Amino acid sequence: MLEATLVMLAIGGVCGLVLSIASKIFYVYEDPRIAEVEGFLAGANCGGCGYAGCSAAAAAVVAGKAPPSICMVAGLESAIKVAEIMGLDPGSAEPMKSVNECLGGVRADDKYFYNGAPACAALAALWGGRRVCTIGCLGLGDCIRACRFDAIEMGPEGYPVVDEARCVGCGVCEKVCPKNIITVRTMSQRLLHFNEEDDALAPCRQTCPAEIDIPKYIGQIREGDYEGAVHTIRERNPLLLTCGRVCPHPCEDYCRRGIVDEPVSINQLKRFVADYEMNSGKRLPIPCAPETDKKVAVVGGGPAGLSCAYFLRRLGHRVTIFDAMPELGGIARYGIPEYRLPARVLDWEIQGILDLGIEARCNNKLGRDFTIASLRREGFDAIFLGIGAWSDYRLRVEGEDLDGCWQGIKFLSKVAAGEKVKVGPRAAVIGGGNSAIDCVRTLVRLGVREVYLVYRRTRKEMPANEVEIEAAEHEGIKFIFLAAPVRVIGDENGRVTHLEYQKMELGEPDASGRRRPVPIEGSETLLEVETVITAIGQRPDVSFVEKDPDLAKLKVTRWNTIDNDPETLQTSIAYIFTAGDAATGASLVVDAIGGGRRAARSIHQYLNGEPVKGSPKSLRKRHIPESLFDDVPGVVRSKRTPMPELPVEQRLDSMVEVDLVISEKDALYESGRCLSCCRLCYNRETEQQENQGAGQDGSSEDAGRELEEATA
Amino acid sequence: MTDLIVLAISCILINNILLAQYLGNCPFLGTSKKMETAVGMAMAVVFVLVLAGVITWIVDTFILKRWDLEYLRTIAFILVIASLVQFVEMFLKKSIPALYAGLGIFLPLITTNCAVMGVCLINIKEEYNFIQALVASFAYAAGFGLALILFAGVRERILLARVPRPLQDTSIGLITAGILSLVFFAFKGMV
């Protein structure tokens, strides 16, 4: 007995000694953070993350190969703690969710008959899959078999559907998908994604400057999921009430139904769900990433600034908006008249954005109340300039400073601010853009009985939206086409009495493709008016640049816009970013919103110390050639829902909103007209019934055949 | 020499540690889902088994047998093998980081592996001499690796097949292992 004890002691002792010596000799420095990180992982060694055990996962996190949110068992709290240890932006510690972008499934045609192993990996090896679509889902469900949490199942249309409640974001499905169509992303990553060449994008989605997932939200409206539709729009556009009213919807020009039929009324559907939320009496919660300690100053509270602030806030940064005007909204408030976008609607929308935790300092003008240097001193890590284009172009004719002469934006903003504006009984507006139309329609509502619109080309060349021109015609505006103002004539008191213009005729096309107006000699005509408003375009007011010696390096283009990199929107000063009218010149609200998000991505990269860059595959409103069709077979022609409008007699003399929202019934009908397009696929209407039956039979036959193959 | 070759063949094929003696079934099922993992595990087993076989033979012959303490064999072997694996892990980490990166995560798994323990005990039971123990340890390990890699190959193919739902994953794995085991029975009587 004694012997045995001694021998075992001796063996144990030798082993212990050898190991302790070995641990000294073979000591390898190991990052102490690995042990710390491992402490916050679940310790279950489940392997769900794809690494062999928790210590391997911890090592991968410390090595930067895995995100802090790797552990799917421990959840969000552990992810935040791990991110803290790693000194990472906790923004990246958000939960990951799997998303399948492809709605294609069996909708695309087959290139060849496939009878091999029922696995996407095998099918992808044969010419990238049997479907004609090069990027879409192969539909054999590798992701479904790979998912360890039963979170993916095959939908009735033959493509995998992710159950978000079950998905833990482990990323296995993304790894097995040979087409990269199923992706696992955090909310921030989704917010920061811009259209790329090989994304599953419908033509409308490629066209939208804000890159809203249009087919998805229309699909959600069709299913009655209005809240889901609002969320889908908000992933790309925080100003849906505004855009739903004023957007000239370039997306509808590319609507695939529009090739053979009237396009889907996309914007009215957006307005329908946006109004649905506002009228429901509650605000849908908007999730934000965990707080970071980075501060961003957004200069300018217009569409671009609001969009940039909104996305930065959702990414977890602390944002302060500075605006020169007494209230936020920029050109959307002071440039777009009340009858198109009521202030109460805009207030509600902006309040929702500020409620995310954004501070707003109004009546603060750059160059007057603060400078870039003072912002830097206050501790702002990056600055966004969304100062818009508020400086009207001048006519450069004699008498344009007489009493009774106005400039477009100044006039509109005075009216919008509720100030008394003195106008005569007759007025002329010079210009053919949306601002000019806004001016004439506002004048009508101010009680001016004779309103002229003077434009030097013809109606066809007018850059204003067609619906706006029509509305102006209904409201009794008198259009004087092919007329160029020569001078404004005043009386002895310096008050306007006449506008003198010269008649024009159209000559050769100019650089913009429009025919250049040529004056007709001796055709000068006098028009009796008491008010003249020039609305011939605006440019940014960049006078603050010259006054500020710190901004000597900030480049300004010859159109007075702030120069930036078109992909990243970074200016020549690394911490300053710009978008919206300040960068593009006067443009659409939706352009500014898209720009604001793009700038938010670059600012996010800049704040995290990453290189500021976009994707080399970035589309930036270019179209994917294969997605544009000449003909769309399988469409049954159907009527587009007309825009409900206030009758003309009720419109005049009041600023009441003219365009009304469509009814729920119309919204459901209109959403049913959407073909649910993707890059190549769309739902065919004529053969739908027969095809559905045949498709199901075919697929079960296929499955039987494949099973036989597999067992043979 | 011929004896040693015969011994090696019988250890690899006829008395295959996994498919004929049914030892070490947990790594057999656990690490055979992917070929990459299976190869890593096979290498680690070869490495550890050869060392463990030799060391335990020395411990048994020069310590336990000398003081007639054969009844302490199991506990002594566990102690020795566990320390050995720890030692090897430390050694590799410092000296051959590349090999550690390949085998590292599998080494701790083998600490408590019944195949390793089993081979060490078989070496003693069959009263092999040192050379025979060395060859047998290596051959058993090679047999382990052979079976594991074969099995991993089969399982990768199974992934592409349509398996009825109740039989998926481990279930079909065990059935496959059974068939594989039957196949190895064909080697019985070869030597």
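Listed values, structure above:
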| quantity | calculated |
| --- | --- |
| Residues of the stretch A:165-198 that turn out to be within 23 Å of the chain's Cα centre (by Cα) and in a loop (DSSP other than H, G, I, E, B), as a count | 8 |
| Flag for A:Ile221 being among the aliphatic types (A, V, I, L, M), in contact with an Asp or Glu (Cβ under 9 Å, 6 or more places away or on another chain) and in a helix (DSSP H, G or I) | yes |
| Any hit, the stretch B:10-30, residues being outside any loop (DSSP other than H, G, I, E, B), within 11 Å of another protein chain (Cβ to nearest Cβ) and either polar (S, T, N, Q) or out of contact with any Phe, Trp or Tyr (no Cβ under 8 Å at 6 or more places or on another chain) (or both) | yes |
| The stretch B:31-57, subset under 19 Å from A:Cys15 (Cβ atoms) and within 12 Å of chain A (Cβ to nearest Cβ), residue surrounded by the most Cβ atoms within 10 Å (Cβ to Cβ) | B:Thr56 |
| Residue selected from the stretch A:146-164 under the condition farther than 20 Å from A:Cys677 by Cβ and surrounded by fewer than 20 Cβ atoms within 10 Å (Cβ to Cβ), by the criterion nearest to the chain's Cα centre (by Cα) | A:Glu164 |
| Every residue from the stretch A:506-533 that is surrounded by fewer than 18 Cβ atoms within 10 Å (Cβ to Cβ) and assigned to a loop (DSSP other than H, G, I, E, B) | A:Asp510, A:Ala511, A:Ser512, A:Gly513, A:Arg514, A:Ile520, A:Glu521, A:Gly522, A:Ser523, A:Glu524 |
| Residue within the stretch A:457-479 that is touching a residue at least 24 places away in the same chain (Cβ under 8 Å) and part of a strand (DSSP E or B) present | yes |
| Every residue from the stretch A:95-125 that is more than 14 Å from chain B (Cβ to nearest Cβ), in a loop (DSSP other than H, G, I, E, B) and over 21 Å from A:Thr183 (Cβ atoms) | A:Asp109, A:Lys111, A:Tyr112, A:Phe113 |
| Residues of the stretch A:413-465 satisfying the condition of being within 25 Å of A:Met325 (Cβ to Cβ), touching a helix residue (DSSP H, G or I) at 6+ places or on another chain (Cβ under 9 Å) and among the basic types (Lys, Arg) | A:Lys414, A:Lys420, A:Arg441, A:Arg445 |
| Per-region count, the stretch A:506-528, residues in contact with an Asp or Glu (Cβ under 8 Å, 6 or more places away or on another chain) and touching a residue at least 60 places away in the same chain (Cβ under 8 Å) | 2 |
| Close pairs from the stretch A:47-69: first farther than 19 Å from A:Phe149 by Cβ and more than 12 Å from every other protein chain (Cβ to nearest Cβ), partner in a loop (DSSP other than H, G, I, E, B) and modelled with pLDDT under 75, Cβ under 7 Å, at least 6 apart | A:Pro68/A:Leu88 |
| Test: residue in the stretch A:256-263 that is within 25 Å of A:Pro625 (Cα to Cα), within 13 Å of the chain's Cα centre (by Cα) and among the β-branched types (Val, Ile, Thr) | no |
| Matching residues in the stretch A:1-36 - criterion: being outside any helix (DSSP H, G or I) and within 8 Å of chain B (Cβ to nearest Cβ) | A:Phe26, A:Tyr27, A:Val28 |
| Any hit, the stretch A:391-410, residues being part of a helix (DSSP H, G or I), over 30 Å from A:Glu235 (Cβ atoms) and touching a Ser or Thr at 6+ places or on another chain (Cβ under 9 Å) | yes |
| Looking only at the stretch A:549-581, and only at residues there that are acidic (Asp, Glu) and over 20 Å from A:Asn195 (Cα atoms), the one that is surrounded by the most Cβ atoms within 10 Å (Cβ to Cβ) | A:Asp581 |
| Among the residues listed as A:Lys414, A:Lys420, A:Lys503, the single one being part of a helix (DSSP H, G or I), without any contact (Cβ under 8 Å) to a residue 24 or more places away in the chain and assigned by TED's automatic domain parsing to the domain that holds A:Glu521 | A:Lys414 |
| Test: residue in the stretch A:372-379 that is more than 21 Å from A:Phe311 (Cβ to Cβ), more than 20 Å from the chain's Cα centre (by Cα) and surrounded by 22 or more Cβ atoms within 10 Å (Cβ to Cβ) | yes |
| Any chance B:Arg66 is more than 21 Å from B:Ala142 (Cβ to Cβ), crowded, with 18+ Cβ neighbours inside 10 Å, more than 9 Å from chain A (Cβ to nearest Cβ) and modelled with pLDDT of 85 or more | no |
| Given (1) within 37 Å of the chain's Cα centre (by Cα); (2) assigned to a loop (DSSP other than H, G, I, E, B); (3) free of Cβ contacts under 8 Å to residues at least 40 places away in the same chain, number of the condition A:Glu492 does not satisfy | (1) |
| B:Val85 being more than 11 Å from every other protein chain (Cβ to nearest Cβ) and either surrounded by fewer than 19 Cβ atoms within 10 Å (Cβ to Cβ) or in a helix (DSSP H, G or I) (or both) | no |
| Residue, surrounded by the fewest Cβ atoms within 10 Å (Cβ to Cβ), within the stretch B:150-174, restricted to residues that are away from chain A (no Cβ under 14 Å) and out of contact with any Ser or Thr (no Cβ under 8 Å at 6 or more places or on another chain) | B:Pro166 |
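The values are calculated or read from the model by the stated rules, or taken from the named source; none is laboratory data. The structure presented is a predicted model; accordingly, all values stated were derived computationally and were not measured. When we count neighbours, we look across all protein chains shown, and the Cβ atoms used for this are built from the backbone with ideal geometry, even at glycine.
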